[in-house]
1. Between segment 132-154 and segment 178-228, what is the separation of their alpha carbon centroids in Å?
2. Ranking 147, 435, 428 by Cβ neighbours within 10 Å, fewest first, what do you get?
3. Take 163, 51, 585 and order them by how many other Cβ atoms sit within 10 Å, fewest up front.
4. Wrap a convex hull around the Cα atoms of the chain, take a quarter of its surface area, and give that in square nanometres.
5. In which sequence would 29, 56 go, from the one with the fewest C-beta neighbours within 10 Å to the one with the most?
6. Rounded to the nearest 0.05, what FRET efficiency do residue 317 and residue 341 have when you use their Cβ-Cβ distance and R0 = 35 Å?
7. Counting only DSSP beta bridges with both residues in the chain, tell me the antiparallel percent, nearest 5.
8. Using 0.36 nm per residue of separation minus the Cα-Cα distance, give me the extension gain between residue 235 and residue 99 in nm, one decimal.
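What follows is calculated from the coordinates using simple rules that are stated; it is not laboratory data. All values reported here derive from a predicted model rather than from experimental measurement. Positions of Cβ are backbone-derived with ideal geometry, glycine not excepted, and every protein chain shown enters the neighbour counts.
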């Protein structure tokens, strides 16, 4: 009997091993297993992303928390090859008999992988180190906000990661040199700002650096370590900052200092060897549409005119003269709309943002059947990056709930936070915007994991811009000045269509773009400069907001017209959010199916 039982157990183990081998090394029998394998491969090749999501820590898997992402050319080659192989495997599955959700999963992943594969031809057409993002600010931000320290092991992993940054920066430097040979050199202003940022970073004493101070704060919260153990860990962090981190930064400083004479003031990617094709790709990738640069430019001009007309009506009712841009610039200088340029003034801004978000969070019942469970926090953007950071941005929370979603507000220039614009920004970054959409996706059940985290800029940013209008429609901006702030923010996104295509397709200079945006929006000059410089280093991304919003509004109106009295805003939002992010063409298919199903049920 015992031998028979052992044979059965052995047979089961062999079957399990065969199953695992099939899933890991060959084409999985079931496509759902293939989806999970693709996601797992990507995640485990990016330990920093894995630490951010915190998907596997509850399972006791921790080793990735002492590793950094590999930015080497060899690793990129490996991932590109695997992408092509996985795309072939995906296409080998027979989709006959798939239900709507199964077909949607297939098509979303197919679109994403095809776009990534197409982007391989433009591998070196970007600026991986720039004033907004790159290892020089991404690494300290990650260590301060994502690497969690709950015990001695976590703390030791923190110092190990510090020790590995020199190798990671060397990998980035290798790629920068290849781009230089390819003819891709950042504009002079990008190099200057990167050098200013990095020189300021290494000029700090190690014990005053965010890598040290944030680590000290995390250690102070641990009760299981005594003072001597904490002191030893801090000493090790101090040492690694000196011997690994700062030398890594000095290597990039030396490179960009030598590169600067080769740079020009030309802002657009039209200057690249394959600039026109690259920009067309950027627009497709970010907007998930086939609109040409000229079509987007013309659409932007029309939207600018429409929104300015709406603003002019409100301004006239308030007896305010001048163009919308001129009027908003004046309002932005009025003391009644500004906070004191003091520490207490900045604390009050954070307090008021939390109050605004608490208020709107309690008034969503008429628009949503459900809401995400994840908490939302409001924090000031880290001081070391606020000179070049946008006015506000959102960072997703941890999958295990250990870190809330966070709305970061840039308080460097107090005039960039007028009171009449705060509600709109809070709705965009928080509720019912990014936090609502991203957290809802994270919490989806029954779908392939990639559906809960896959990014599509036009969908996520389109939703966040749509959320600004939705909050107004729900009655959260009764004050006409708040409504002006909302329209100014929408105008800002319409202007983006004009200036992004102007810079990268029509060869506008940086100064031309700044002047156009400043003239039409009236926003603080510091905000406008940061924005224009952002579009220069991230072509096409800024066009996704308005394109996504317009599509969602178009689909909502289509549903209203088709369903008449059967239309329910809550149902529409459920359809949009409960399927996760996707290209706009697939979102249209989903909404059309919802309309058809609703009509059949009548």
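1. Between the Cα centre of segment 132-154 and that of segment 178-228, the gap is 10 Å.
2. 147, 428, 435
3. 585, 163, 51
4. Dividing the Cα hull surface by four gives the mean projection, 32.1 nm².
5. 29, 56
6. 0.70
7. 45
8. Full extension of this stretch gives 43.2 nm more.
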